[in-house]
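Report on the following structure.
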Amino acid sequence: MLTQPKLQSLEKLLRQNQLTISPVELVTYEIDAGVDRGTPDALALPENAGDVARLVKWASENNVPLIARGAGTGLSGGAVANRGGVIVEFARMNRILELDVQSRVAVVEPGVVNLALDQRVKQIGLYYPPDPASQRSATMGGNAAENSGGPHCFKYGVTTNYVLGMQITLADGRALQLGGRALDVPAYDFTGVLVGSEGTLALMTAIITRLVRNPPGVKTMMASFNSIEQAGDAVSAVITAGLMPATLEMMDRAMMRIVEDYAHAGLPVDAHAALIVEVDGFPASLDAQMEEVADILHAHGARSIRIAQTAGERERIWHARRSVAGAITKLAPSYYLVDITVPRSKLAEALARCEKICARYNLQTGHVFHAGDGNLHPLILIPNPHDRELMARVLKAGREMVQVGIEMDGSITGEHGVGIEKRAYMPLMYSAAELSAMRDLKEIFDPRELLNPGKVLPAELPKVELPRADAPAPESHFAPASADEAARAFAALSAARRSVWIGNLPSAIRNPRPVSLSTSALTGIRAYAPDDLYITVGAGTQLAEIQEFLARDKKFLPLASPYADATIGGMVAANFNAPLRMRYGAIRDLVLCMTVVLGDGRVIRAGRPVVKNVAGYDLPKLFIGAHGTLGLITDMSLKISVLPRARRTLIARVDDLARGLEWAGALAQNSLVASGVVLGHFRNPKSEIRNSGFALAYTAEGIAEDVRAEIEQARAILRAAGAPEPRELDAPSATDLWREFLATEPDALQIRVGLASKDLPAFVNAHTLTLSNFFADAANGLIYAAASPANADAARAWIDTLRAPAVALGGYAIAIHAPENLRGAFDAWGDPPESIELMRALKSRYDPAGILNPGVFVV
């Protein structure tokens, strides 16, 4: 309860219409869309970041909890004031601050409604894919806090795959910028951790999100099946065939009958299951995609298929899907929506077990769920929410269904979050070490637990047992064969205050020389799940070995390296991404989970091998790009893809660099299935323009019809811009050319400049003399340059010439490779990021003795 003095001081911070303390008005804010309740002491309505900073500072000084709230559409109690305090309602911070069409980036305040953003960007040919069921009212801040998904996230990904950075207010009132428009910023990925943190770590005041091109065509079908098992097998078959529908939604018979009585949408209510399948792309590809999907569904037992022929028919199908909540409330005043994720191949088994649970507790339920990503939503009707005995049965059934997800190596929540509802379930899914690693994050960001207290983490954490330091520490070199072996060694090294260098130890490092750790014994394919499209590998496994293994099954891992002996662990630790990220996502989008040994010997399994998992903090993001300073990655599970059916590259001669950069920008803006837009001096003889100055390469890959349409579109853009007629080739791809540029300069100092892609042309044009030997990944805003400075002073001068103007544009310039004589001789990273204090605090928690990779990274 707020005391009168505290309330009076709060009233001085805001205008009268920005603060509500009336008990009657506050009743609205006692609940979100879930079943948990809590009474707030006040409601604050900030209108800008300054208001938020003052509120947070006031709360810190007065020891008052703050609960961030968007539209209150959450389903896990995440926006409920279960410990009192002030709800911070972001409805008035609802401005789209900037739309950067060239970089495909939007900067929005947290109160912007999801659908409003999507509708706005579609007016300029762009698209924001995450589309939760509450899209019409849910806000971007709430979506980011919960890492929201939705039907189209099977193909396009969830919120974390789109948030590039954010402006936040810390628990003490300080404002901080995390991430930004430049990709792969050299810092711990706190942006990735804040997404899905449910308002427990900081308050977001602006969100930087990427956008994609709006697909020019879409087609929708509904198919019915005699069983859930048939429908599930059909889903896997579609994906295994190399098709990537925009949506794969499923309903069971019970849900169809409930919805049909309400919406009269013509659902196949006599069937046991129905699939809603939507494909998108260029109009020329839609019929072929849909025909192939239909053939696969028929082959797997589809009893009927209805393909929407008009926009009205498509809307009727989607109206049925969107009517679930309305149909349920017609039957009962309330419902309980379970949210678990399992590997897609286990959908039918999980659903059958959930049905048995509900039957045992005599509960009426229906199922509607995202079949493409294994996210189940058993929906339990609650005829009388005040019936304590009924509610007890509902919650017991929910807990047992959560246990089903855990037993299948899934997640206790795929998109709704932990909130209050599932706090107690966290120890079922995570070990003591894993929960303590999350607790460390909470204490670093919010040491007094004022931000959304009583959410996510359980009230009491189990005790962590650290390995004993009773074995002698390795003397010079060791290669652990397991996470446990590495943990024991780290405990001994920490006790002895001996530092560890993970990877190749430069000969220049002496006095004292660290112990060298090799991942050579942490190799091999640990698990391969083709139906679920992931692979688990040891961190020391070479990328080439993984690609060779997957190619036998017409799959691949969409990563590339210029180094023949590159290991997957080294690539993940360095966050080393290739141009094809524009098509398939970056490393942070592909890693599902990993096993990590922290510096203090804790062994954690961060994440789970499912596409959607919002249970707790997204720990894997912390180790991607951390350069081994927080822990040793021993294995990881990564998303894989079916090999593209077609890949074509256009290569055009560039006689005028400025015009070539303009062409690259125009191509990138209009790309739909491109996997690279690059410009540089190409050395590959197949390009047939070797040693002829600059060249531009544009690669598209995917379904043959989409690739052909995109290549013809690119030709038209180049022709209209006055470019020379490009050559069309099967190979090399844009990524091949990038790989060859870096591989042919093994003795040079190589740097990477990261910028917003809209700033890349002007930057290159302004620094052509300094960038005499460069390669531009135009679509991703990255410039790679190589030089051979005579000494450390020359190296420092060269990189500083590029670093200062890059930083002025919100970017960076770092060294990514240095010859032996220059390693450690100059500043490879530049000034530390704004988050450096948080980085150091996290480093001191995960590696308290400071033994891991000292001097390797900015921290």
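Observations
- Some residue of the range 737-744 being open to solvent by less than 40 Å² (accessible area, probe 1.4 Å), within 33 Å of the chain's Cα centre (by Cα) and among the hydroxyl-bearing types (Ser, Thr, Tyr): no
- Residue in the range 466-489 that is polar (S, T, N, Q) and without any contact (Cβ under 8 Å) to a residue 12 or more places away in the chain present: no
- Test: residue in the range 543-552 that is surrounded by 17 or more Cβ atoms within 10 Å (Cβ to Cβ), modelled with pLDDT of 95 or more, in contact with a helix residue (DSSP H, G or I) (Cβ under 8 Å, 6 or more places away or on another chain) and closer than 26 Å to ALA564 by Cβ: yes
- The sole residue among ARG653, ARG683 that is more than 18 Å from LEU211 (Cβ to Cβ), touching a strand residue (DSSP E or B) at 6+ places or on another chain (Cβ under 7 Å) and charged (D, E, K, R) is ARG653.
- Restricting GLY601, GLY569 to residues that are small (Gly, Ala, Ser) and touching a strand residue (DSSP E or B) at 6+ places or on another chain (Cβ under 8 Å) narrows the list to GLY569.
- Among residues of the range 130-146, those that are under 16 Å from VAL108 (Cα atoms), in contact with a helix residue (DSSP H, G or I) (Cβ under 9 Å, 6 or more places away or on another chain) and not in a loop (DSSP other than H, G, I, E, B), counted: 6
- Residues of the range 39-77 that turn out to be open to solvent by 10 Å² or more (accessible area, probe 1.4 Å) and assigned to a loop (DSSP other than H, G, I, E, B), as a count: 13
- Against the test of being part of a loop (DSSP other than H, G, I, E, B) and open to solvent by 30 Å² or more (accessible area, probe 1.4 Å), the options GLY855, GLY830 yield a single qualifying residue, GLY855.
- Cβ-Cβ under 7 Å pairs, at least 6 apart or on other chains, the range 814-833 side under 15 Å from ALA187 (Cβ atoms), far side among the charged types (D, E, K, R) and open to solvent by less than 30 Å² (accessible area, probe 1.4 Å): ILE814/ARG752; GLY830/ARG803
- Every residue from the range 510-537 that is buried (at least 17 other Cβ atoms within 10 Å of the Cβ) and among the aromatic types (Phe, Trp, Tyr): TYR534
- Residues of the range 364-421 that turn out to be under 24 Å from THR536 (Cβ atoms) and open to solvent by 40 Å² or more (accessible area, probe 1.4 Å), as a count: 3
- In the range 588-700, counting only strands (runs of 3 or more DSSP E) that sit wholly within it, the ones holding 1 or more residues that are farther than 30 Å from TYR846 by Cα and in contact with a helix residue (DSSP H, G or I) (Cβ under 6 Å, 6 or more places away or on another chain) span 646-654, 674-680.
- Checked against the criterion of being in a helix (DSSP H, G or I) and open to solvent by 30 Å² or more (accessible area, probe 1.4 Å), the candidates ASP706, ASP747, ASP793 yield just one match: ASP793.
- The range 711-736: number of residues that are closer than 18 Å to ALA578 by Cβ and either of a type outside the set (Val, Ile, Thr) or more than 30 Å from the chain's Cα centre (by Cα) (or both): 5
The values are calculated or read from the model by the stated rules, or taken from the named source; none is laboratory data. None of the values given here were measured: they were computed from a predicted structure. With ideal geometry, Cβ positions are generated from the backbone for all residues, glycine too; neighbour counts draw on all protein chains shown. All accessible areas refer to the heavy atoms of the entire protein, side chains included, with ligands and DNA or RNA removed. Shrake-Rupley method; radii C 1.70, N 1.55, O 1.52, S 1.80 Å.
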